[in-house]
Amino acid sequence: MKSLKDVSLVKKSQKRIMMILSFTLLNLEGIYLSYNHLIGPIPESISNASDLSEFEILMNNFTGKVPSFSKMRGLYWFYIDGNNFGRGQCADLDFLCSLTNSTNLDGLAIDNNAFQGPIPNCICNLSITLSELWLSFNHISGSLPSKIGNLINLEVLTMGDNKISGNIPSEIGNLNKMKHLNLHLNKFYGQIPESLGNLGMLIKLSLNNNNLQGSIPSSLGNCQNLLLLDRSTNNLSGNIPPEIVNLTSLSIFLNLSQNSLTGSLPREVGNLKNLGELRLNNNRLSQEIPSSIGSCLQLLNVSNNRLFGQIPKYLESLNLTNLSLSYNNFEGALPTGGVFQISTLVGVAYILYLLFFFRYRHNKTASLSSSPEEGLLHVSYHNLLKATAGFSSTNLLGVGSFGSVYRGLLDQNQSIVAIKILDLTLHEASKSFIAECGAWRRIRHRNLVKVLTACSRFDFNGNDFKAFVYEFMSNESLDEWLHPSASQYTERRRLSLLERVNIAIDVACALDYLHHHCETPIVHCDLKPSNVLLDDEKTGHVGDFGACQYGIRSVAATEGDVYSFGVLILEMFTGKRPIDDMFENGLDLYRFAKGALANQVERAIDPVLLQEIKQSDMKRIVTLDGKNKSWCSILECLVSILKIGVTSSSESPRERMDISNVLSKLQGIKKNLLEFIVIA
């Protein structure tokens, strides 16, 4: 036991694992106990593990005081987020001072706990190697130390949803590698420092729900990589700087609502070609809406201002799902096309707010109003019972962790759908329903299964009934294609090499979106072939968000998804399940694939793929320019794919790639693969 290097717990447990493990094991280098139900405090004896480099116990129920880690000079990752640490004392965060000895520290996450008290000044003495600092969702008070600017390699700084007050220090502008800065839901006051304009690599900036005053600094126009800017619910005044709405990089949303901004909406707003949401409501903006606006907008809210003139006709041509123009002084004729057509309300996934209390010059006493109409499909228990022929076994598509999925035909629109009925007798099924609802409210992507509606009602016996209705995927799940039953095993059930590469890219695109391009990062937590569904074109769609975690901004959290994706890749291209009968005596899918890469890769490749290469005469593949190529080129692509699978499913999280890098590599492999064609 004294030679033990790593401690990892991958199955959910409620044992007091910290009390079981003996931390007198001085050689421990890694502790990985995330995503379990572990309880109790961290024992003081952990301080003896001086060789510890990675400490990850996020998403458990640990409590109490965090002990000193001063002996762990080689500590690289320290992730304790998603627990109940903190004793309600001013000294709750003093343990951070012990981490100043860790000169290689790269990631520090203590968010989603119960810490109180101020941020100690010693935080500014943490290693300059630190790239991530997560403090959000606690009860931290006091001010942000001005010397935070010493941490010059910080890329992520989040301390939202606390009670931090005072000015935002201008020294924060020294953090020129910063990509994600989140200070929302605090008590910051004073002016927004001009120095934020120095953060040229900034991607997301959230300062909403504070008491910030003064004008918006035009220097933010220097942040040419911004995707998201939120300064809503403050006391900001003055005009909207043209430099802000000239940031063509903005694509997620721009939110300046709930302030006291005045003047006109700058005409440069027409340059926001990629912007998805623009929220300017509840200000004092005046004059007319400019002659053009971002063509990709899905949400536009300029309600509760002092805008006047005609409603621009070009709004008809936008793909808006949410429009609010209420409480202004618009006049003239109401546009009749596009989003203004009442018929378009049906099927729209968001509430469409339109035209409350418009004042018309033709009749100043007249007003036009419309009640909000929810466009989601409304279904009852009776509708779903009828759609599935009484939840008949002949319509059963599969059984998952929290319920069963049926094929159904809805009366409302005569469409075939997939209906997931949750088994509420199962532990945490209701929690799964809430988690999935929370996820679907936040996400929309071509490689995610589209949810049509949800149902939370009572059945005919008065029992709780919860269900989801999804778009039907005619080609079922990836699992059924990789591991068909004897009755399914036909030529039709075989996925070609290119189809598998395309599906792998589809899944990587979905994860990249969830991890990096949502307003709030989402971790799927249950990625596997049965949760990847294929449509008519065999495009991959990730579904089943019943176990997802959202708002978890730690890199360590997303690495769990990357691990699952690595296993998925290995399963797709070896054709073997992780629990294959051949895996025994310490051999598993990861070690099997890794050993084949070092030896003979062909023995690890799915025989179906090898047969395809031979049957397609790929040994005599020629390129489009007529030059001969051997089938080694195809094998090189397969080797590269297996390497991605092995690296992504590495036991050490530090060795895994970010999903965006995985996606880039897979796209490169596909490009190389498409250089070869079979001459008929």
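What follows is calculated from the coordinates using simple rules that are stated; it is not laboratory data. Since we're looking at a predicted model, the values are computed, not measured. When we count neighbours, we look across all protein chains shown, and the Cβ atoms used for this are built from the backbone with ideal geometry, even at glycine.
The modelled label-to-label distance between residue 139 and residue 68, using points 7 Å beyond Cα along the C-beta direction, is 2.7 nm.
Using C-alpha pairs under 8 Å with a sequence gap of at least 6, the mean separation divided by the residue count of the stretch 132-261 gives a relative contact order of 18 percent. Between residue 633 and residue 516, the modelled labels are 2.9 nm apart [label points 7 Å from Cα along Cα→Cβ].
Work through the residues other than residue 162 whose Cβ is under 10 Å from its Cβ and net out their charges, Lys, Arg +1 and Asp, Glu -1. Result for the local shell: 0. Per-peptide packing, taken as the mean over residues of other Cβ atoms within 10 Å, places 606-612, 332-338, 273-279 in the sequence 273-279, 606-612, 332-338 from highest down.
With r defined as the distance between the Cβ atoms of residue 661 and residue 460 and R0 fixed at 56 Å, what FRET efficiency is calculated, to the nearest 0.05? FRET efficiency, residue 661 to residue 460: 0.60. Annotation for residue 225 and residue 114: the two label points, set 7 Å from Cα along the Cα-Cβ direction, are 3.9 nm apart. The order of the peptides 58-69, 395-406, 202-213 by mean Cβ neighbours within 10 Å, most packed first, is 202-213, 58-69, 395-406. The alpha carbons of the stretch 155-262 stretch over 31, 30, 23 Å along the principal axes, in descending order.
Given a Förster distance of 25 angstrom, what is the FRET efficiency for residue 122 paired with residue 44, based on the Cβ-Cβ distance and rounded to 0.05? Write down the numbers at each step before the final one.
Values: r = 20 Å, r/R0 = 0.80.
According to the calculation, E is roughly 0.80.
Taking R0 as 22 Å, what's the FRET efficiency between residue 213 and residue 170 from their Cβ-Cβ distance, rounded to 0.05? Rounded to the nearest 0.05, the efficiency is 0.90.
Length gained on full extension, residue 146 to residue 654: 179.8 nm, using 0.36 nm per residue less the C-alpha separation.
Structure note, pairs 466/528; 420/665; 273/450; 643/671; 420/671: Cα-Cα distances above 28 angstrom occur for 420/665; 420/671.
Partners of residue 576 within straight-line reach, counting aspartates and glutamates whose Cα lies under 18 Å from its Cα and excluding those fewer than 8 residues away in the same chain: 479, 480, 499, 584, 588, 602, 606, 612.
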